[in-house]
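Following: one structure in structure tokens, then a few remarks.
The values are calculated or read from the model by the stated rules, or taken from the named source; none is laboratory data. Remember, it's a predicted structure, so these values are computed and weren't measured experimentally. When we count neighbours, we look across all protein chains shown, and the Cβ atoms used for this are built from the backbone with ideal geometry, even at glycine.
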Amino acid sequence: MPALVPAAAYTAAPGAGAPRFGPVGPALFMQALIDAIATATPSGDEARRIFHGRGGRHPGCEHLALDAWGPVWLLTSFAPLPASDGAAVHAALQQWHARHPEAPPLCWVLQIRHEGRAETTVMAGQVPEPHVVTEAGVRFRVHLLRGQNHGLFLDMAEGRAWVRAHLAARPGARVLNLFAYTCAFSVVARQAGAAEVVNVDMSAAALSTGQHNHRLNGIAGGASFLAHDLFSSWGKVTRSGPYDLVVADPPSYQKGSFVATKDYARLLRRLPTLLAPGGHALLCLNAPELGPDFLAAQVAEHAPSLQPLGRLPNPPVFADVDEARSLKVLVYRAADVAAGADGRAAAALSA
């Protein structure tokens, strides 16, 4: 039986660790979120987004996102939340659980991100520890009560699905996973038949979770974990290559690690030498202020030998009124690819 993190009472008085609520007021614009809760289907241990107000498709809810992390609901608000809105969500979740008695007892967490801070409170129930969720049958360790990143980026689900399909058709591939975080791409790559994955990230703690994720899925060997600053470790990375697939999913702006507007160029200048002939690159950018044209122009300038195959779609629930602001995942191919492989790559991208 896993240890449990004690819950905070929904009616807890404000204090250390309590969420910051705005003034009490009507929650008429919340109806879109309430409807999304009402129509959600039980997900078991699956991690998925339920409501994406951040996409701007639900006026008044642009500050809200609701995720299901297995049995735990997580509501993230990017602005102070009126108490009445929190109460409306609590009531909607209670009603959902009354309609789905087969589901585990209600557990939901509220995180308010405001003025550079994140305040996280368990509003009902108990969060399991360890907390393990699944995506497409793959198991991942997550942590909802520590910081703003929870161990798995849900909007990257299509990217992981593409990697699985791509490598399943190329058994024995060598993969470089840059800015690996908790190594979700690595787990999927190894399951799909990659012979070796090199994971690089500055955070030893994130890579430790990544190693745990490999063990959770019964993966022994075939992956290495380098807790290094990429820009100081080109020699180590290059010696393990060349690679049939390079995945780069950097932070868009993280001082001391990566700033997209200046550091993507540094990465791209090295990328062609890391790729085997006919190798592929999956390049990611999650900066709303930088559209896909920015990344495409960077590749054209600094790695012109790479051939663009297109942009992967995001999961439908992450739809945005302006897709240029949403997650960008672009696929490129190194030169000297046989015609047959060209066709397979294009087919895999469009599938």
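Quick look at the values:
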| quantity | calculated |
| --- | --- |
| Filter pass, Thr134 being of a type in the set (Ser, Thr, Tyr), more than 24 Å from Leu230 (Cα to Cα) and touching a residue at least 12 places away in the same chain (Cβ under 8 Å) | yes |
| Meets criteria (in contact with a helix residue (DSSP H, G or I) (Cβ under 7 Å, 6 or more places away or on another chain), within 30 Å of Ile50 (Cβ to Cβ) and of a type in the set (Val, Ile, Thr)) for Val247 | yes |
| Any hit, the stretch 279-293, residues being polar (S, T, N, Q), assigned by TED's automatic domain parsing to the domain that holds Trp162 and within 24 Å of Ser186 (Cα to Cα) | yes |
| Output for the stretch 213-246, where each listed residue is part of a helix (DSSP H, G or I), over 19 Å from Leu167 (Cβ atoms) and among the polar types (S, T, N, Q) | Ser232, Thr238 |
| Where Val237 falls short, out of the listed (1) modelled with pLDDT under 95; (2) farther than 25 Å from Leu152 by Cβ; (3) of a type in the set (A, V, I, L, M, F, W, C) | (2) |
| Elements of type strands (runs of 3 or more DSSP E) contained in the stretch 41-99, each with 2 or more residues being of a type in the set (D, E, K, R) and within 18 Å of Pro316 (Cα to Cα) | 47-52 |
| Residue count for the stretch 164-194, restricted to those that are in contact with a strand residue (DSSP E or B) (Cβ under 6 Å, 6 or more places away or on another chain) and part of a loop (DSSP other than H, G, I, E, B) | 4 |
| Test: residue in the stretch 286-306 that is in a strand (DSSP E or B) and either in contact (Cβ under 8 Å) with a residue 12 or more places away in the chain or of a type outside the set (Lys, Arg) (or both) | no |
| Within the stretch 127-163, tally of residues that are outside any helix (DSSP H, G or I), of a type in the set (Gly, Ala, Ser) and within 17 Å of Gly70 (Cα to Cα) | 3 |
| Residue in the stretch 235-252 that is of a type outside the set (Lys, Arg), in contact (Cβ under 8 Å) with a residue 24 or more places away in the chain, touching a Ser or Thr at 6+ places or on another chain (Cβ under 9 Å) and more than 27 Å from Val299 (Cβ to Cβ) present | no |
| Restricting the stretch 147-188 to residues that are more than 30 Å from Thr76 (Cα to Cα) and small (Gly, Ala, Ser), the residue that is surrounded by the fewest Cβ atoms within 10 Å (Cβ to Cβ) | Gly172 |
| Those residues of the stretch 86-103 which are touching a residue at least 60 places away in the same chain (Cβ under 8 Å) and touching a strand residue (DSSP E or B) at 6+ places or on another chain (Cβ under 9 Å), in sequence order | Gly86, His90 |
| First in the stretch 160-187 and assigned by TED's automatic domain parsing to the domain that holds Ser232 and within 22 Å of Thr273 (Cα to Cα), second anywhere and hydroxyl-bearing (Ser, Thr, Tyr) and assigned to a helix (DSSP H, G or I), Cβ under 9 Å, 6 or more apart | Val175/Ser186; Asn177/Ser186; Ala180/Ser186 |
| Failed item in (1) of a type in the set (Phe, Trp, Tyr); (2) without any contact (Cβ under 8 Å) to a residue 40 or more places away in the chain; (3) under 25 Å from Arg141 (Cβ atoms), with Trp69 passing the rest | (2) |
| Residues (among the β-branched types (Val, Ile, Thr) and surrounded by 20 or more Cβ atoms within 10 Å (Cβ to Cβ)) located in the stretch 122-141 | Val122, Val127, Val133 |
| Criterion (touching a His at 6+ places or on another chain (Cβ under 7 Å) and at pLDDT 95 or above) met by exactly one of Val321, Val317, Val329, Val299 | Val317 |
| The lone exception for Ala40 - which of (1) over 14 Å from Ala88 (Cα atoms); (2) modelled with pLDDT of 95 or more; (3) surrounded by fewer than 16 Cβ atoms within 10 Å (Cβ to Cβ) it fails | (3) |
